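Asks: If you scroll down you'll find the structure; I have some questions about it.
The values are calculated or read from the model by the stated rules, or taken from the named source; none is laboratory data. Note that this is a predicted model, so its numbers are computed, not measured. Here the Cβ is made from the backbone with ideal geometry for all residues, glycine too, and neighbour counts use every protein chain on show.
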Amino acid sequence: MPASPSVHAARFIHEPARDVPVIAECDICVLGGSCTGLFAAVRAARLGARVVIVEQGGAFGGNATRSLVNVWHSPLDTVYKKQIIGGLTIEVMERLKRRNAVTERENSPHWRWAFNPYELQIELDELCREAGVEAWLHTSFVAPHVVDGRLEAVIVESKSGRGAIRAGMFVDATGDGDLCYRLGLPTYPANDAQPSTLCAVFDGWQTLEGSDYRQLLRDHGAEFGLPQGFAWGAQVPGSNLFMLAGTRIYNSDCSDARQLTAAEMEGRRQVRAIMDILRRHVPQQRIALAAMASRIGIRQTRHVRCAYQLTEDDVLNGRRFEDAIANGSYRVDVHHHDKPGITLKYLDGTQEYCRPGYPNEVSRWREPREVDPTFYQVPYRCLVPGHYDNLLLAGRMLDATPEAFAAVRVMVNCNQMGEAAGVACWLALQEGVSVSKLDTNKLRKTLAAGGSIML
């Protein structure tokens, strides 16, 4: 019988030094294959860059596919008169329309498109292949490789073993800022991080007709250990399937492996609790669990300090930036970490607290004005972490205050950040300049030429 490990055993082991083979060389390496990361890769590749993208899962799309969050918000301003978002967001939705994989609704503050996440996975594969991006799925980022103060390569691990990807430019689109964090760049935690949600897809949801599933979850949730939260869902186009975001995982830092593991397992337990409630209290139901997200839907973890921090005032007052690379109209949407429900703040000065089972509490966060802003912007500087002249970030780890983040975190906004990061890396390579010294007028013109909307 093997001896048990000594309580006095060293807390470290020695890993021998080894040579790591270079498995790819490119102009731009993108870490993270969400739509944010893939859009960065595709936009750069369409300009002529050699691009490698690394994704730890088996599909592109991140929250939109692996987490089954199958809605994107409006590309229009808050009064639905001006289109403010273009680029790959629109292109991908148009491609899905041709496959009858999108439902569209007009003038909704909640969402504009509901899509089939499985069809989207395939469409993103096609987008990647068409652009000539070299993809590495099932591949995890391990460590940065820095030579004389310059980021030269990243170390990755796959079923084929350990390897290095050497590049001229890098985009951290990991969601948690993993590359920036392991480089030792300044980061800060989301102390009041919005809770994560594990989504599930159900078959037979129509057999619940006549029953208020939200009320049932509120009335019987405590019995099944289901926390109060904010349940919502959307039909999966072209099917009889329904996506439900009905779980709520509180007080979990999903940038920590142990807490992420516990959150994933707790999310699946809550999905079963939802099933048990519906099966017990809806006699006519014939629902079946068709799919669960392969990755929990994470709203917020760590943020990276950048050249500029986007503020609540910037967002809610619609501040314009000379280096703006993204436009948004989605409201400030705070999923509370310490109480049920959400608080919504709008650019017209109104706000509401929405607690399940109670009337919405409507008030104002500012006095009425003659003219309200109808969209806000994200400046390029929010994507520039500094310290390394060949590194940008894109996505939900951007530098933003909590309520500013609560608006810009949604996918249609992060999509634009990805496109901007990819184009900026290519331009910096072409010009031979640091990403912090890039001519942002040229960046905006190049983005516009590729279909993005610059206002």
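Asks: Within region 98-149, considering only strands (runs of 3 or more DSSP E) that don't extend past its boundaries, which have at least 1 residues that are outside the structural domain of A234 (by TED's automatic domain parsing) and closer than 20 Å to P237 by Cβ?
Replies: By residue number, 102-104, 113-115.
Asks: Also, quick follow-up: Would you check if there is a residue in region 178-198 being farther than 23 Å from W232 by Cα and of a type in the set (D, E, K, R)?
Replies: yes
Asks: Taking the conditions exactly as written (within 14 Å of V22 (Cα to Cα) and in contact (Cβ under 8 Å) with a residue 60 or more places away in the chain), does R150 satisfy them or not?
Replies: No, not satisfied.
Asks: Find the helices (runs of 4 or more DSSP H) located wholly in region 358-451 whose residues include 2 or more that are without any contact (Cβ under 8 Å) to a residue 60 or more places away in the chain and assigned by TED's automatic domain parsing to the domain that holds L124, and list them.
Replies: Output list reads 411-431, 440-449.
Asks: If you go through region 11-31 one residue at a time, how many are exposed (fewer than 14 other Cβ atoms within 10 Å of the Cβ), within 25 Å of C180 (Cβ to Cβ) and β-branched (V, I, T)?
Replies: Of the residues in region 11-31, 1 are exposed (fewer than 14 other Cβ atoms within 10 Å of the Cβ), within 25 Å of C180 (Cβ to Cβ) and β-branched (V, I, T).
Asks: A further question on this structure: For region 430-455, how many residues meet the condition of being of a type outside the set (V, I, T), within 21 Å of Y376 (Cα to Cα) and out of contact with any helix residue (DSSP H, G or I) (no Cβ under 7 Å at 6 or more places or on another chain)?
Replies: 5
Asks: Then there's this: Please verify whether P227 is part of a loop (DSSP other than H, G, I, E, B) and in contact with a Gly (Cβ under 8 Å, 6 or more places away or on another chain), treating the condition exactly as stated.
Replies: yes
Asks: Okay, next question. Which of the residues spanning region 45-58 are farther than 21 Å from V154 by Cβ and part of a loop (DSSP other than H, G, I, E, B)?
Replies: L47, G48
Asks: Moving on to the next point. From (1) under 19 Å from I296 (Cα atoms); (2) within 23 Å of the chain's Cα centre (by Cα); (3) surrounded by 15 or more Cβ atoms within 10 Å (Cβ to Cβ); (4) not basic (K, R), pick out the condition that doesn't hold for D192.
Replies: (3)
Asks: Just to check your reading of the model, which residue among R105, R99, R95, R129 is surrounded by fewer than 16 Cβ atoms within 10 Å (Cβ to Cβ), touching a helix residue (DSSP H, G or I) at 6+ places or on another chain (Cβ under 8 Å) and either of a type in the set (D, E, K, R) or modelled with pLDDT under 95 (or both)?
Replies: After applying the criteria, what remains is R99.
Asks: Related question: Does region 60-67 contain any residue that is over 23 Å from S329 (Cβ atoms), at pLDDT 95 or above and more than 18 Å from the chain's Cα centre (by Cα)?
Replies: no
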